[in-house]
Structure formats: C-alpha cells, structure tokens
Amino acid sequence: MPLLTTRFLTGAVAAAILAIGLAVPAALAVPANTPKPASAAQGAADAAKTAELGGDPVRGKRVYTDVGRCTQCHGWGGNGVGSDPRSPGKAADLRATTLDTETLRNVVRCGLPGTDMPYHGSDAYKKPEACFGQVLADFKEGEAPHKGRTFREVDINNVVAFIEDHFKGKGPVTLAECEEFFKPGAKNCVGLK
Ligand code: HEC
C-alpha cells in the first residue's frame with residue numbers, strides 16, 4: 001500500500017485506525033476498477049472520521065460522571081436532581097430532552113448563555129466559529145456564559161452518545177439503573193422501584 005505512508009497515517013488518523021482495529025478491512029473494500037491505494041487511504045480516513053464522530057457511550061459515561069462532572073447538576077440518572085444542593089430542580093431533565101444529536105453537542109460545547117449550563121468545548125468563545133460566531137469579549141459584564149470543565153470534541157460526542165443511550169426518552173429513573181450505577185443495595189437507591 002504505497003500511498004498509506006506517513007502522509008495519511010499521521011497523528012489522530014493513525015490512532016483512530018489502530019483503535020477501530022478490525023473495522024478497517026471492511027472500510028477498505030473498494031470496487032475493483034478504482035485505483036486501490038488512493039481509495040484505501042480514503043476509506044481508512046472515512047472510517048477514522050466516522051469512528052471519531054460517532055461517539056462512544058462507555059467512554060461518555062466517564063465524561064459525564066468524572067471528566068465533566070455533569071452529575072453535580074443533572075444527577076447520576078440525568079433527571080436534573082443533582083448532587084449539588086443548589087441544583088435540584090434547576091438543571092434540565094436530560095431524560096426528557098427533545099434535542100437532536102447536533103443540538104445536544106452544541107449545548108455541551110457552548111453551554112446555554114444566560115443560564116447555569118456551562119460550556120465545555122476547548123475552543124468555545126475563543127474562536128468565533130466554535131459557538132454562534134461569538135467570543136467572550138462580545139458579552140456584557142456579568143452576562144458571559146459560565147465555564148465548565150474543558151474537554152475535546154471527541155469527548156463531546158462521547159458524552160452525547162451516553163445521554164442518548166442511557167437517558168433520552170427513558171422515563172423516570174429505576175432501581176435497576178441506580179444499582180447498576182452505584183451497586184446492588186446502595187443507599188442512594190432506597191425508595192426506587
Ligand atoms: C452548574 C450546573 C450544570 C452543570 C455542571 C452541567 N449542566 Fe447541563 N444544564 C444545566 C442547567 C441549569 C440547564 C438548563 C438551562 C436552561 O435551559 O435553563 C442545563 C441544560 C443542559 C442541556 C439541555 C437539555 C435540554 O433539553 O434543553 C444539556 C444537553 C446538558 N445540560 C448537558 C450537560 C452535560 C453533558 C454536562 C456535563 C458535561 C452538563 N450539562 C453540566 C446545568 C448544568
């Protein structure tokens with residue numbers, strides 16, 4: 001594969017190809033009449049991009065609980081009853097969200113200016129193209145969006161995948177979900193069914 005040189009296998013792409021392992025050969029299957037090397041590289045690049053944008057709910061759970069500390073306000077079950085005593089009832093119930101994937105990503109990246117929902121994107125309000133064409137200097141004093149913990153775009157996708165997988169449309173939190181999150185018989189789960 002002469003064209004699969006360092007020119008294509010740099011940094012993130014190479015890492016993504018290694019990460020998706022067995023998925024690559026399928027992505028490399030191309031019609032026989034297509035010049036092989038260029039298409040193979042394109043296939044690998046597309047596969048890497050798809051893997052990156054798709055989001056991984058398992059990693060997303062860690063972003064939700066540890067990296068982003070979303071639990072503080074939204075609660076372990078996403079129902080808006082957070083562990084921060086100031087938050088109960090204030091943060092959105094993510095189980096009832098009607099936002100689509102792209103909008104969820106935007107909200108996590110950019111926060112919701114004018115509310116307590118912080119922004120988490122590493123370029124948010126630094127580069128105007130990241131969030132609504134705005135940078136921090138565009139906001140009046142006291143109206144700037146709140147800053148949360150910062151993480152990369154790939155983790156924004158991961159945490160949104162987790163929200164869609166575990167919370168969206170799921171109704172009230174259940175005992176089974178609680179015991180999966182904490183442990184069987186956990187104190188936090190008393191009173192749930
Ligand atoms: C400091 C508290 C706080 C933290 C931390 C926080 N949020 Fe929020 N979030 C809010 C509040 C408050 C709202 C509702 C804002 C409004 O519309 O008034 C909200 C709204 C949202 C919404 C919009 C839901 C909808 O349907 O409108 C999403 C999605 C969301 N948060 C995801 C997250 C994720 C993911 C994290 C962690 C990376 C997080 N939030 C961290 C307070 C918080």
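Phi angles across the stretch 130-135 convert, under the Karplus curve 6.51 cos²θ - 1.76 cosθ + 1.60 with θ = phi - 60°, into 3J(HN,Hα) values of 6, 9, 6, x, 10, 10 Hz, Gly and Pro given as x. With one equal scatterer per alpha carbon and no solvent term, the Debye-computed log10 I(q)/I(0) for the stretch 122-181 at 0.16, 0.17 1/Å reads -0.72, -0.76.
Can you check what the net charge comes to around residue 124, using other residues whose Cβ is under 10 Å from the Cβ of residue 124 (Lys, Arg +1; Asp, Glu -1)? The answer is +3.
Output needed: percent of Cα pairs per 5 Å distance bin for the stretch 57-189, bins running from 0 to the one holding the longest distance. Using 5 Å bins, I get a P(r) of 2, 11, 19, 24, 19, 13, 7, 3, 2, 1, 0 for the stretch 57-189.
Chymotrypsin sites (Phe, Trp or Tyr not before Pro), restricted to the stretch 143-193: which are DSSP loop and have at most 15 other Cβ atoms within 10 Å?
Passing both the DSSP loop test and the Cβ count: 182.
Values in this text are rule-based calculations from the coordinates and carry no lab data. Since this is a predicted model, take the numbers as computed values, not measurements. No Cβ is skipped: glycine too gets one built from the backbone with ideal geometry, and neighbour counts run over all protein chains shown.
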